[in-house]
1. Considering each of Ser130, Ser148 in turn, give the residue that is within 25 Å of the chain's Cα centre (by Cα), of a type in the set (Gly, Ala, Ser) and either open to solvent by 10 Å² or more (accessible area, probe 1.4 Å) or under 14 Å from Val173 (Cβ atoms) (or both).
2. Kindly list the number of the only condition in (1) part of a loop (DSSP other than H, G, I, E, B); (2) closer than 26 Å to Ser263 by Cα that fails for Arg183.
3. If you take just the strands (runs of 3 or more DSSP E) that sit entirely in the stretch 437-521, which of them hold at least 2 residues that are polar (S, T, N, Q)?
4. Only one of (1) touching a residue at least 12 places away in the same chain (Cβ under 8 Å); (2) under 31 Å from the mean Cα position of the chain (by Cα); (3) surrounded by fewer than 19 Cβ atoms within 10 Å (Cβ to Cβ) is not met by Pro108, so which one is it?
5. Going through the stretch 393-426 one residue at a time, which ones are without any contact (Cβ under 8 Å) to a residue 60 or more places away in the chain, part of a loop (DSSP other than H, G, I, E, B) and not hydroxyl-bearing (Ser, Thr, Tyr)?
6. Suppose we filter the stretch 427-436 for residues that are within 15 Å of Leu253 (Cα to Cα) and either touching a Ser or Thr at 6+ places or on another chain (Cβ under 6 Å) or assigned to a strand (DSSP E or B) (or both); how many remain?
7. Does any residue of the stretch 172-181 turn out to be open to solvent by less than 30 Å² (accessible area, probe 1.4 Å), in contact with a Pro (Cβ under 8 Å, 6 or more places away or on another chain) and in contact (Cβ under 8 Å) with a residue 60 or more places away in the chain?
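The values are calculated or read from the model by the stated rules, or taken from the named source; none is laboratory data. Keep in mind that what you see is a predicted model, and the values were worked out from it rather than measured. Ideal geometry is used to build each Cβ from the backbone, glycine not excepted, and the neighbour counts take in all protein chains shown. Side chains are part of the model used for accessible areas, which takes the heavy atoms of the whole protein and leaves out ligands, DNA and RNA. Shrake-Rupley method; radii C 1.70, N 1.55, O 1.52, S 1.80 Å.
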Amino acid sequence: MSTLLMALGLAGFVLCLSGLNLILAADHPSYVAAVYEHRVRLNPNPRVPLDRRPALEHMKQNLRVFEEQTVLAAQQGAQIIVFPEDAIHGFNFTRASIAGYLETVPDPQEVTWSPCADPHRFPDTEVLQSLSCMAHKNRLFVVANMPSRQSCNRTADPLCPADGQYQFNTNVVFSDQGVIVARYHKQNLYFEAAFDAPPEWKYVTFTTPFAGLFGVFTCFDILFRDPALTLVKDIGVRQIVYPTAWMNQLPLLAAVQFQRSFSHATGVTLLAANIRAAQYGITGSGIFTPWDSLIHHDMKGDSGKLLVRRVLVLDPAFIGDAAWPTLVPFSGYPKEKLRSEEPDKMHFWPTSSFDADDGVKYCQTDSECEHEATSTSFTSIMMYDNFTLVPLRGSKGNISICSGSVCCHLLFRRSDTLEFYALGVFDGLHVVHGTYYLEVCALVKCTGEHHSSCGEETEHARTPVDFRLTGTFTTRHVFPGILGNGMTLDIPDHSGWERGNRFYMSRTGMSAGLVTAVLYGRHYEKDND
(Lines give C-alpha, C1' and ligand atoms only; values in the text may rest on other atoms or scores of the structure.)
Protein backbone atom coordinates (compact mmCIF):
# COMPACT_ATOMS: atom_id res chain seq x y z
CA MET A 1 0.00 0.00 0.00
CA SER A 2 1.32 3.46 -0.81
CA THR A 3 2.89 5.56 1.95
CA LEU A 4 0.13 8.18 1.65
CA LEU A 5 -2.63 5.69 2.36
CA MET A 6 -0.61 4.10 5.15
CA ALA A 7 -0.11 7.55 6.66
CA LEU A 8 -3.85 7.88 6.88
CA GLY A 9 -4.06 4.60 8.74
CA LEU A 10 -6.76 3.62 6.30
CA ALA A 11 -8.88 0.66 7.26
CA GLY A 12 -12.47 0.22 6.39
CA PHE A 13 -14.40 0.03 3.18
CA VAL A 14 -13.65 0.32 -0.52
CA LEU A 15 -15.33 2.69 -2.96
CA CYS A 16 -15.00 1.65 -6.60
CA LEU A 17 -15.32 4.69 -8.81
CA SER A 18 -14.61 4.98 -12.54
CA GLY A 19 -12.29 2.00 -12.38
CA LEU A 20 -10.25 3.47 -9.51
CA ASN A 21 -10.21 1.76 -6.13
CA LEU A 22 -10.16 4.25 -3.29
CA ILE A 23 -10.05 3.20 0.33
CA LEU A 24 -12.08 5.34 2.70
CA ALA A 25 -11.13 5.18 6.36
CA ALA A 26 -13.81 4.21 8.78
CA ASP A 27 -12.15 6.43 11.39
CA HIS A 28 -11.38 9.37 9.09
CA PRO A 29 -14.02 12.13 8.87
CA SER A 30 -16.04 12.10 5.68
CA TYR A 31 -19.24 13.64 4.37
CA VAL A 32 -21.73 13.12 1.55
CA ALA A 33 -21.71 15.76 -1.19
CA ALA A 34 -24.08 16.28 -4.11
CA VAL A 35 -23.93 18.35 -7.29
CA TYR A 36 -26.73 18.72 -9.79
CA GLU A 37 -26.24 19.37 -13.50
CA HIS A 38 -29.42 21.20 -14.44
CA ARG A 39 -31.06 21.47 -17.86
CA VAL A 40 -32.00 25.08 -17.39
CA ARG A 41 -35.37 26.37 -18.60
CA LEU A 42 -34.30 29.43 -20.58
CA ASN A 43 -36.06 32.70 -21.28
CA PRO A 44 -36.54 32.55 -25.09
CA ASN A 45 -36.16 36.34 -25.34
CA PRO A 46 -33.58 37.26 -22.69
CA ARG A 47 -32.95 40.72 -24.14
CA VAL A 48 -36.59 41.77 -23.70
CA PRO A 49 -37.25 43.21 -20.21
CA LEU A 50 -39.75 41.36 -18.01
CA ASP A 51 -41.64 42.69 -15.01
CA ARG A 52 -41.08 40.98 -11.68
CA ARG A 53 -44.09 38.64 -11.88
CA PRO A 54 -43.27 36.94 -15.24
CA ALA A 55 -39.59 36.86 -14.32
CA LEU A 56 -40.46 35.12 -11.07
CA GLU A 57 -42.71 32.62 -12.85
CA HIS A 58 -39.81 31.77 -15.15
CA MET A 59 -37.42 31.24 -12.23
CA LYS A 60 -39.98 29.06 -10.40
CA GLN A 61 -39.83 26.57 -13.27
CA ASN A 62 -36.17 25.95 -12.44
CA LEU A 63 -36.63 26.20 -8.69
CA ARG A 64 -39.21 23.39 -8.75
CA VAL A 65 -36.55 21.11 -10.23
CA PHE A 66 -34.08 22.28 -7.58
CA GLU A 67 -36.55 21.33 -4.88
CA GLU A 68 -37.05 17.85 -6.34
CA GLN A 69 -33.30 17.24 -6.58
CA THR A 70 -32.67 18.54 -3.07
CA VAL A 71 -35.15 15.98 -1.72
CA LEU A 72 -33.47 13.19 -3.73
CA ALA A 73 -30.02 14.25 -2.54
CA ALA A 74 -31.15 14.34 1.09
CA GLN A 75 -32.65 10.86 0.74
CA GLN A 76 -29.18 9.65 -0.26
CA GLY A 77 -27.63 11.24 2.81
CA ALA A 78 -26.22 14.39 1.19
CA GLN A 79 -25.10 17.08 3.61
CA ILE A 80 -24.41 19.70 0.95
CA ILE A 81 -25.71 20.21 -2.60
CA VAL A 82 -24.31 22.57 -5.24
CA PHE A 83 -26.43 23.94 -8.11
CA PRO A 84 -24.99 25.53 -11.28
CA GLU A 85 -24.33 29.09 -12.34
CA ASP A 86 -27.22 30.72 -14.28
CA ALA A 87 -29.42 27.71 -13.49
CA ILE A 88 -32.29 29.70 -11.97
CA HIS A 89 -32.55 32.54 -14.49
CA GLY A 90 -30.58 31.62 -17.62
CA PHE A 91 -28.21 33.89 -19.54
CA ASN A 92 -27.71 36.33 -22.42
CA PHE A 93 -29.53 39.17 -20.65
CA THR A 94 -28.74 42.87 -20.99
CA ARG A 95 -28.32 45.12 -18.00
CA ALA A 96 -31.87 46.39 -18.45
CA SER A 97 -33.60 43.11 -19.33
CA ILE A 98 -32.44 41.26 -16.21
CA ALA A 99 -33.93 43.85 -13.84
CA GLY A 100 -37.06 41.81 -13.05
CA TYR A 101 -34.90 38.85 -11.95
CA LEU A 102 -32.77 40.70 -9.39
CA GLU A 103 -33.00 40.28 -5.63
CA THR A 104 -31.06 41.98 -2.85
CA VAL A 105 -28.89 39.50 -0.94
CA PRO A 106 -27.85 40.93 2.44
CA ASP A 107 -24.27 40.46 3.58
CA PRO A 108 -24.27 37.53 6.05
CA GLN A 109 -21.30 39.13 7.81
CA GLU A 110 -23.64 41.96 8.81
CA VAL A 111 -27.11 40.35 8.85
CA THR A 112 -28.13 36.95 10.22
CA TRP A 113 -31.22 35.93 8.31
CA SER A 114 -33.19 32.86 7.35
CA PRO A 115 -35.49 33.86 4.48
CA CYS A 116 -37.58 30.75 5.13
CA ALA A 117 -38.17 31.57 8.78
CA ASP A 118 -38.57 35.34 8.28
CA PRO A 119 -39.83 35.82 4.70
CA HIS A 120 -41.06 39.42 5.13
CA ARG A 121 -37.85 40.96 6.45
CA PHE A 122 -36.73 42.05 2.98
CA PRO A 123 -39.06 42.65 -0.01
CA ASP A 124 -38.91 40.83 -3.33
CA THR A 125 -36.83 37.90 -2.07
CA GLU A 126 -38.96 34.98 -3.25
CA VAL A 127 -36.00 33.10 -4.73
CA LEU A 128 -34.00 33.42 -1.52
CA GLN A 129 -37.03 32.18 0.43
CA SER A 130 -37.42 29.14 -1.82
CA LEU A 131 -33.76 28.15 -1.54
CA SER A 132 -33.70 28.76 2.21
CA CYS A 133 -36.70 26.49 2.71
CA MET A 134 -35.10 23.75 0.59
CA ALA A 135 -32.09 23.80 2.91
CA HIS A 136 -34.16 23.94 6.09
CA LYS A 137 -36.69 21.25 5.15
CA ASN A 138 -34.06 18.80 3.95
CA ARG A 139 -31.44 19.63 6.59
CA LEU A 140 -28.53 20.18 4.21
CA PHE A 141 -26.40 23.06 2.99
CA VAL A 142 -27.54 24.52 -0.35
CA VAL A 143 -25.28 26.44 -2.75
CA ALA A 144 -27.06 28.30 -5.55
CA ASN A 145 -26.29 31.03 -8.08
CA MET A 146 -28.63 33.94 -8.78
CA PRO A 147 -28.63 37.52 -10.08
CA SER A 148 -28.55 40.19 -7.37
CA ARG A 149 -28.62 43.95 -6.92
CA GLN A 150 -26.93 46.29 -4.47
CA SER A 151 -27.88 49.95 -4.26
CA CYS A 152 -25.09 52.52 -4.34
CA ASN A 153 -24.62 56.28 -4.26
CA ARG A 154 -22.52 57.89 -6.98
CA THR A 155 -21.66 60.78 -4.68
CA ALA A 156 -20.12 58.46 -2.10
CA ASP A 157 -18.93 55.82 -4.56
CA PRO A 158 -17.35 57.04 -7.81
CA LEU A 159 -17.55 53.50 -9.22
CA CYS A 160 -21.31 53.29 -8.71
CA PRO A 161 -23.05 52.60 -12.06
CA ALA A 162 -25.14 55.34 -13.65
CA ASP A 163 -28.42 53.63 -12.70
CA GLY A 164 -27.52 53.73 -9.00
CA GLN A 165 -27.07 50.03 -8.39
CA TYR A 166 -24.54 47.25 -8.82
CA GLN A 167 -25.77 44.09 -10.50
CA PHE A 168 -23.87 40.97 -9.54
CA ASN A 169 -23.57 37.34 -10.55
CA THR A 170 -23.93 35.93 -7.03
CA ASN A 171 -23.46 32.61 -5.24
CA VAL A 172 -25.49 32.23 -2.06
CA VAL A 173 -24.86 29.53 0.54
CA PHE A 174 -27.57 28.44 2.99
CA SER A 175 -26.92 26.42 6.14
CA ASP A 176 -28.96 23.35 7.00
CA GLN A 177 -31.14 25.70 9.05
CA GLY A 178 -31.88 27.87 6.02
CA VAL A 179 -29.67 30.75 7.19
CA ILE A 180 -27.59 32.63 4.60
CA VAL A 181 -23.97 31.94 5.59
CA ALA A 182 -22.04 33.12 2.52
CA ARG A 183 -22.47 35.52 -0.39
CA TYR A 184 -19.96 35.69 -3.22
CA HIS A 185 -20.07 38.08 -6.20
CA LYS A 186 -18.30 36.70 -9.29
CA GLN A 187 -15.05 38.55 -9.89
CA ASN A 188 -14.05 37.45 -13.39
CA LEU A 189 -17.01 37.92 -15.70
CA TYR A 190 -17.22 36.15 -19.06
CA PHE A 191 -19.09 38.39 -21.53
CA GLU A 192 -21.82 39.09 -18.98
CA ALA A 193 -23.29 42.46 -19.98
CA ALA A 194 -25.97 42.25 -17.30
CA PHE A 195 -23.48 42.23 -14.43
CA ASP A 196 -20.77 44.31 -12.76
CA ALA A 197 -17.57 43.01 -11.26
CA PRO A 198 -17.52 43.87 -7.55
CA PRO A 199 -15.65 47.14 -6.92
CA GLU A 200 -13.76 45.58 -4.01
CA TRP A 201 -12.84 41.93 -4.28
CA LYS A 202 -13.12 39.75 -1.18
CA TYR A 203 -12.49 36.04 -0.90
CA VAL A 204 -15.44 34.16 0.60
CA THR A 205 -15.49 31.07 2.80
CA PHE A 206 -18.02 29.35 5.02
CA THR A 207 -17.82 26.68 7.71
CA THR A 208 -19.90 23.52 8.01
CA PRO A 209 -20.33 21.28 11.08
CA PHE A 210 -19.57 18.16 9.02
CA ALA A 211 -16.44 19.11 7.04
CA GLY A 212 -15.09 22.42 8.26
CA LEU A 213 -14.06 25.18 5.86
CA PHE A 214 -15.17 25.61 2.23
CA GLY A 215 -14.30 28.29 -0.32
CA VAL A 216 -16.57 29.71 -3.02
CA PHE A 217 -16.03 30.94 -6.56
CA THR A 218 -17.75 30.80 -9.95
CA CYS A 219 -16.98 29.47 -13.44
CA PHE A 220 -14.36 31.68 -15.18
CA ASP A 221 -12.84 32.57 -11.78
CA ILE A 222 -11.04 29.22 -11.82
CA LEU A 223 -8.52 30.49 -14.38
CA PHE A 224 -7.34 33.50 -12.34
CA ARG A 225 -5.25 34.23 -9.26
CA ASP A 226 -8.15 35.91 -7.50
CA PRO A 227 -10.10 34.25 -6.07
CA ALA A 228 -9.04 30.70 -6.93
CA LEU A 229 -5.34 30.78 -6.16
CA THR A 230 -5.74 33.10 -3.17
CA LEU A 231 -8.18 30.73 -1.51
CA VAL A 232 -5.99 27.69 -2.06
CA LYS A 233 -2.45 28.99 -1.52
CA ASP A 234 -2.90 31.98 0.80
CA ILE A 235 -5.94 30.98 2.86
CA GLY A 236 -5.30 27.23 2.77
CA VAL A 237 -8.80 26.21 1.69
CA ARG A 238 -8.98 22.55 0.68
CA GLN A 239 -12.69 22.27 -0.22
CA ILE A 240 -14.37 24.37 -2.91
CA VAL A 241 -17.99 24.77 -4.05
CA TYR A 242 -18.08 25.76 -7.69
CA PRO A 243 -21.23 26.72 -9.64
CA THR A 244 -20.40 27.09 -13.33
CA ALA A 245 -21.90 27.52 -16.79
CA TRP A 246 -18.85 26.33 -18.74
CA MET A 247 -18.87 25.97 -22.51
CA ASN A 248 -16.67 23.02 -23.41
CA GLN A 249 -13.66 23.78 -25.54
CA LEU A 250 -11.47 20.88 -26.51
CA PRO A 251 -8.73 19.84 -26.67
CA LEU A 252 -7.58 21.72 -23.54
CA LEU A 253 -10.51 23.26 -21.66
CA ALA A 254 -13.52 20.98 -21.51
CA ALA A 255 -15.39 21.50 -18.24
CA VAL A 256 -14.64 18.22 -16.45
CA GLN A 257 -11.15 18.17 -17.99
CA PHE A 258 -10.03 21.36 -16.28
CA GLN A 259 -12.06 20.72 -13.14
CA ARG A 260 -10.10 17.46 -12.80
CA SER A 261 -6.79 19.27 -13.43
CA PHE A 262 -7.54 22.03 -10.93
CA SER A 263 -8.50 19.62 -8.16
CA HIS A 264 -5.45 17.44 -8.72
CA ALA A 265 -2.95 20.29 -9.07
CA THR A 266 -4.14 22.26 -6.06
CA GLY A 267 -4.91 19.34 -3.77
CA VAL A 268 -8.55 20.27 -3.14
CA THR A 269 -11.98 18.71 -3.25
CA LEU A 270 -13.98 20.54 -5.93
CA LEU A 271 -17.78 20.27 -5.98
CA ALA A 272 -18.51 21.43 -9.54
CA ALA A 273 -22.07 21.92 -10.85
CA ASN A 274 -22.53 22.89 -14.51
CA ILE A 275 -25.72 23.62 -16.40
CA ARG A 276 -26.93 21.39 -19.24
CA ALA A 277 -27.42 23.37 -22.47
CA ALA A 278 -26.44 21.24 -25.45
CA GLN A 279 -27.11 23.98 -27.99
CA TYR A 280 -24.31 26.00 -26.39
CA GLY A 281 -21.96 23.05 -25.82
CA ILE A 282 -22.44 23.30 -22.05
CA THR A 283 -22.18 20.20 -19.89
CA GLY A 284 -19.74 18.70 -17.41
CA SER A 285 -20.09 18.40 -13.62
CA GLY A 286 -18.37 16.38 -10.97
CA ILE A 287 -17.23 15.69 -7.44
CA PHE A 288 -13.43 15.78 -7.55
CA THR A 289 -10.80 14.92 -4.96
CA PRO A 290 -7.04 15.17 -5.62
CA TRP A 291 -7.03 11.45 -6.53
CA ASP A 292 -10.36 10.51 -8.09
CA SER A 293 -13.66 11.84 -9.38
CA LEU A 294 -17.31 11.12 -10.10
CA ILE A 295 -18.34 13.01 -13.23
CA HIS A 296 -21.14 13.63 -15.71
CA HIS A 297 -20.55 14.79 -19.30
CA ASP A 298 -23.35 14.41 -21.84
CA MET A 299 -23.52 16.41 -25.08
CA LYS A 300 -26.52 14.45 -26.41
CA GLY A 301 -28.93 13.84 -23.53
CA ASP A 302 -31.80 16.14 -22.62
CA SER A 303 -32.09 15.80 -18.85
CA GLY A 304 -30.31 16.85 -15.68
CA LYS A 305 -28.08 14.64 -13.58
CA LEU A 306 -27.66 14.34 -9.81
CA LEU A 307 -24.28 13.11 -8.56
CA VAL A 308 -23.89 12.00 -4.93
CA ARG A 309 -20.86 10.48 -3.24
CA ARG A 310 -19.02 10.29 0.05
CA VAL A 311 -15.66 12.05 0.23
CA LEU A 312 -12.99 12.50 2.87
CA VAL A 313 -12.78 15.77 4.77
CA LEU A 314 -9.67 17.70 3.70
CA ASP A 315 -9.82 20.72 6.01
CA PRO A 316 -6.72 20.38 8.25
CA ALA A 317 -8.27 22.46 11.04
CA PHE A 318 -11.27 20.13 11.16
CA ILE A 319 -9.43 16.81 11.20
CA GLY A 320 -6.18 17.90 12.85
CA ASP A 321 -2.94 18.46 10.99
CA ALA A 322 -1.46 15.18 12.17
CA ALA A 323 -4.29 13.16 10.63
CA TRP A 324 -3.55 14.18 7.05
CA PRO A 325 -0.29 14.61 5.14
CA THR A 326 0.52 18.09 3.87
CA LEU A 327 -1.08 18.76 0.47
CA VAL A 328 1.13 21.38 -1.16
CA PRO A 329 -0.54 22.91 -4.23
CA PHE A 330 1.22 22.34 -7.56
CA SER A 331 3.65 19.83 -6.09
CA GLY A 332 2.25 16.73 -7.82
CA TYR A 333 0.39 13.80 -6.26
CA PRO A 334 0.92 10.12 -7.17
CA LYS A 335 -2.10 8.06 -8.12
CA GLU A 336 -3.11 5.77 -5.27
CA LYS A 337 -3.30 2.11 -6.28
CA LEU A 338 -5.00 -0.40 -4.03
CA ARG A 339 -2.58 -2.98 -2.62
CA SER A 340 0.30 -1.53 -4.60
CA GLU A 341 3.73 -2.40 -3.29
CA GLU A 342 5.43 0.31 -5.35
CA PRO A 343 6.90 3.04 -3.13
CA ASP A 344 6.07 6.69 -3.81
CA LYS A 345 8.89 7.86 -6.04
CA MET A 346 9.37 9.44 -9.43
CA HIS A 347 8.56 7.12 -12.28
CA PHE A 348 11.40 7.78 -14.71
CA TRP A 349 11.90 6.10 -18.04
CA PRO A 350 15.59 6.13 -19.01
CA THR A 351 16.13 6.40 -22.76
CA SER A 352 17.91 3.05 -22.58
CA SER A 353 14.56 1.38 -21.88
CA PHE A 354 13.77 1.77 -25.61
CA ASP A 355 15.41 -0.22 -28.34
CA ALA A 356 17.90 1.91 -30.27
CA ASP A 357 17.58 -0.01 -33.53
CA ASP A 358 14.49 1.88 -34.69
CA GLY A 359 16.52 4.85 -35.85
CA VAL A 360 15.33 7.22 -33.11
CA LYS A 361 18.02 9.58 -31.91
CA TYR A 362 17.47 10.66 -28.31
CA CYS A 363 18.35 14.30 -27.75
CA GLN A 364 19.66 15.20 -24.32
CA THR A 365 19.51 19.02 -24.18
CA ASP A 366 16.93 21.70 -24.96
CA SER A 367 19.07 23.22 -27.72
CA GLU A 368 19.71 19.85 -29.34
CA CYS A 369 16.04 18.88 -29.28
CA GLU A 370 14.94 22.28 -30.53
CA HIS A 371 17.38 22.01 -33.44
CA GLU A 372 16.14 18.55 -34.37
CA ALA A 373 12.47 19.61 -34.23
CA THR A 374 12.98 22.51 -36.63
CA SER A 375 12.81 20.35 -39.76
CA THR A 376 9.47 18.76 -38.84
CA SER A 377 7.78 21.47 -36.77
CA PHE A 378 4.67 23.28 -37.92
CA THR A 379 2.13 25.75 -36.54
CA SER A 380 -1.57 25.29 -35.98
CA ILE A 381 -4.32 27.18 -34.18
CA MET A 382 -5.39 25.53 -30.95
CA MET A 383 -7.89 27.26 -28.66
CA TYR A 384 -7.37 30.47 -30.68
CA ASP A 385 -3.63 30.42 -29.94
CA ASN A 386 -0.85 29.78 -32.46
CA PHE A 387 0.88 26.63 -31.22
CA THR A 388 4.18 25.30 -32.53
CA LEU A 389 4.01 21.52 -32.90
CA VAL A 390 6.06 18.52 -33.91
CA PRO A 391 4.48 15.22 -35.06
CA LEU A 392 4.95 11.88 -33.35
CA ARG A 393 6.64 9.41 -35.68
CA GLY A 394 6.83 5.67 -35.19
CA SER A 395 5.82 3.52 -32.24
CA LYS A 396 8.21 5.13 -29.74
CA GLY A 397 10.43 8.13 -29.49
CA ASN A 398 11.81 11.12 -27.65
CA ILE A 399 10.86 14.51 -29.09
CA SER A 400 10.90 18.13 -27.99
CA ILE A 401 9.62 21.50 -29.11
CA CYS A 402 10.28 24.98 -27.74
CA SER A 403 8.67 28.43 -27.82
CA GLY A 404 10.16 31.34 -25.93
CA SER A 405 11.17 30.17 -22.48
CA VAL A 406 8.98 27.02 -22.60
CA CYS A 407 10.41 23.74 -23.87
CA CYS A 408 8.31 20.57 -23.97
CA HIS A 409 9.84 17.08 -23.95
CA LEU A 410 7.96 13.87 -24.66
CA LEU A 411 9.06 10.29 -24.21
CA PHE A 412 6.38 8.00 -25.69
CA ARG A 413 5.50 4.53 -26.86
CA ARG A 414 2.34 3.24 -28.56
CA SER A 415 1.22 0.05 -30.27
CA ASP A 416 -0.75 1.72 -33.09
CA THR A 417 0.58 4.45 -35.39
CA LEU A 418 -2.53 4.98 -37.54
CA GLU A 419 -3.78 8.03 -35.63
CA PHE A 420 -1.94 11.34 -35.99
CA TYR A 421 -0.57 12.86 -32.76
CA ALA A 422 1.53 15.97 -32.21
CA LEU A 423 3.36 17.63 -29.33
CA GLY A 424 2.64 21.34 -29.10
CA VAL A 425 3.94 24.34 -27.17
CA PHE A 426 2.58 27.83 -26.53
CA ASP A 427 4.17 30.64 -24.53
CA GLY A 428 2.19 33.85 -24.74
CA LEU A 429 -0.82 35.98 -23.90
CA HIS A 430 -4.18 34.45 -24.74
CA VAL A 431 -6.44 37.28 -25.93
CA VAL A 432 -9.63 35.67 -27.29
CA HIS A 433 -12.61 35.25 -24.92
CA GLY A 434 -10.50 36.50 -22.04
CA THR A 435 -6.97 37.76 -21.50
CA TYR A 436 -4.50 35.61 -19.57
CA TYR A 437 -0.91 34.42 -19.97
CA LEU A 438 -0.24 30.77 -20.76
CA GLU A 439 2.71 28.41 -20.81
CA VAL A 440 1.44 25.13 -22.28
CA CYS A 441 2.84 21.76 -23.28
CA ALA A 442 0.20 19.58 -24.95
CA LEU A 443 0.19 16.16 -26.57
CA VAL A 444 -2.94 16.08 -28.73
CA LYS A 445 -4.67 13.64 -31.01
CA CYS A 446 -5.27 15.42 -34.33
CA THR A 447 -8.64 14.97 -36.01
CA GLY A 448 -7.19 14.21 -39.45
CA GLU A 449 -3.96 13.72 -41.34
CA HIS A 450 -3.26 17.40 -41.99
CA HIS A 451 -1.29 19.67 -39.69
CA SER A 452 -4.21 22.08 -39.44
CA SER A 453 -6.31 19.37 -37.77
CA CYS A 454 -4.04 19.45 -34.71
CA GLY A 455 -5.97 21.55 -32.23
CA GLU A 456 -9.43 20.81 -33.57
CA GLU A 457 -12.04 19.46 -31.16
CA THR A 458 -12.57 15.73 -30.69
CA GLU A 459 -13.65 13.49 -27.84
CA HIS A 460 -12.44 10.29 -29.46
CA ALA A 461 -9.18 8.37 -29.86
CA ARG A 462 -8.36 4.69 -30.28
CA THR A 463 -4.67 4.69 -29.40
CA PRO A 464 -3.43 4.28 -25.80
CA VAL A 465 -0.10 6.06 -25.38
CA ASP A 466 2.42 5.53 -22.60
CA PHE A 467 4.23 8.79 -22.04
CA ARG A 468 6.40 10.99 -19.90
CA LEU A 469 5.75 14.67 -20.62
CA THR A 470 8.06 17.34 -19.25
CA GLY A 471 8.07 21.12 -19.62
CA THR A 472 10.32 23.97 -18.55
CA PHE A 473 8.21 26.74 -17.05
CA THR A 474 8.74 30.22 -15.64
CA THR A 475 5.55 29.84 -13.58
CA ARG A 476 5.07 27.52 -10.63
CA HIS A 477 1.37 27.10 -11.38
CA VAL A 478 1.04 24.11 -13.70
CA PHE A 479 -2.16 22.09 -14.07
CA PRO A 480 -1.55 18.54 -15.40
CA GLY A 481 -4.38 16.84 -17.24
CA ILE A 482 -5.06 13.60 -19.11
CA LEU A 483 -8.17 13.06 -21.24
CA GLY A 484 -9.06 9.71 -22.77
CA ASN A 485 -11.55 8.50 -25.36
CA GLY A 486 -15.16 9.45 -24.73
CA MET A 487 -14.25 12.11 -22.12
CA THR A 488 -12.60 9.56 -19.86
CA LEU A 489 -10.67 11.41 -17.16
CA ASP A 490 -7.34 10.24 -15.86
CA ILE A 491 -4.60 11.53 -13.61
CA PRO A 492 -0.85 10.98 -13.83
CA ASP A 493 0.81 7.99 -12.26
CA HIS A 494 3.39 10.49 -11.07
CA SER A 495 3.93 14.22 -11.48
CA GLY A 496 5.92 17.00 -9.89
CA TRP A 497 8.92 19.28 -10.12
CA GLU A 498 12.41 18.14 -10.97
CA ARG A 499 15.65 20.00 -11.65
CA GLY A 500 14.35 23.45 -10.76
CA ASN A 501 11.95 24.71 -13.40
CA ARG A 502 10.96 21.39 -14.98
CA PHE A 503 7.51 19.94 -14.28
CA TYR A 504 6.71 16.42 -15.45
CA MET A 505 3.93 13.85 -15.48
CA SER A 506 3.93 10.22 -16.56
CA ARG A 507 1.22 7.71 -17.37
CA THR A 508 1.35 4.11 -18.55
CA GLY A 509 -1.27 1.45 -19.15
CA MET A 510 -4.24 3.63 -20.10
CA SER A 511 -7.30 1.56 -20.95
CA ALA A 512 -8.70 4.23 -23.30
CA GLY A 513 -7.21 5.98 -26.31
CA LEU A 514 -5.41 9.23 -25.48
CA VAL A 515 -7.14 12.44 -26.60
CA THR A 516 -5.01 14.99 -24.73
CA ALA A 517 -2.17 15.10 -22.22
CA VAL A 518 -1.45 18.66 -21.13
CA LEU A 519 0.68 20.66 -18.75
CA TYR A 520 -1.37 23.87 -18.57
CA GLY A 521 0.74 26.61 -17.03
CA ARG A 522 -0.83 29.86 -15.86
CA HIS A 523 1.53 32.81 -15.43
CA TYR A 524 -0.76 35.11 -13.45
CA GLU A 525 1.86 37.83 -13.08
CA LYS A 526 1.98 38.33 -16.86
CA ASP A 527 -1.77 38.71 -17.41
CA ASN A 528 -1.38 42.46 -17.91
CA ASP A 529 1.52 42.21 -20.37
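1. Ser148
2. Checking Arg183 against (1) part of a loop (DSSP other than H, G, I, E, B); (2) closer than 26 Å to Ser263 by Cα, the one that fails is (1).
3. Strands (runs of 3 or more DSSP E) meeting the threshold: 465-472.
4. That leaves (3) as the condition not met.
5. Residues satisfying the conditions are Arg393, Gly394, Gly404, Asp416, Leu418, Phe420.
6. Residues in the stretch 427-436 being within 15 Å of Leu253 (Cα to Cα) and either touching a Ser or Thr at 6+ places or on another chain (Cβ under 6 Å) or assigned to a strand (DSSP E or B) (or both): 2 in total.
7. Kept after step one, since they are open to solvent by less than 30 Å² (accessible area, probe 1.4 Å), are these residues of the stretch 172-181: 172-175, 178, 180.
Those left that are additionally in contact with a Pro (Cβ under 8 Å, 6 or more places away or on another chain): 178, 180.
Applying the additional criterion that residues be in contact (Cβ under 8 Å) with a residue 60 or more places away in the chain yields 178, 180.
Yes: one or more hits.
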